[in-house]
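So the structure is just underneath, and the comments pick up after that.
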């Protein structure tokens, strides 16, 4: 199920977030950066996030100092 969240301030704050709909069987929704909401299920989890992933280039990845990753 897909929908669109309006341009209201709350809609802008929710972009890029996962939402838990506790009043309806704990359904999970993802709001993409265009404001569309996507229901996240076990069946579509990997496919959905692979299609929405932005990724990182090797050039950008090399800009992260290795010492900043200590402790992870």
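The values are calculated or read from the model by the stated rules, or taken from the named source; none is laboratory data. Nothing here was measured: the structure is a model prediction, and the numbers come from that model. Note that each Cβ is placed from the backbone with ideal geometry, even for glycine, and that neighbours are counted across all protein chains shown.
Remarks
- Applying the condition of being part of a loop (DSSP other than H, G, I, E, B) and either at pLDDT 80 or above or touching a strand residue (DSSP E or B) at 6+ places or on another chain (Cβ under 9 Å) (or both) to the range 54-72 and asking which residue is nearest to residue 10 (Cα to Cα) yields 55.
- Of the residues making up the range 18-40, those that are farther than 18 Å from residue 50 by Cβ and assigned to a loop (DSSP other than H, G, I, E, B) are 22, 23, 24, 25, 26, 35.
- Check on residue 49, in a helix (DSSP H, G or I) and under 11 Å from the mean Cα position of the chain (by Cα): yes
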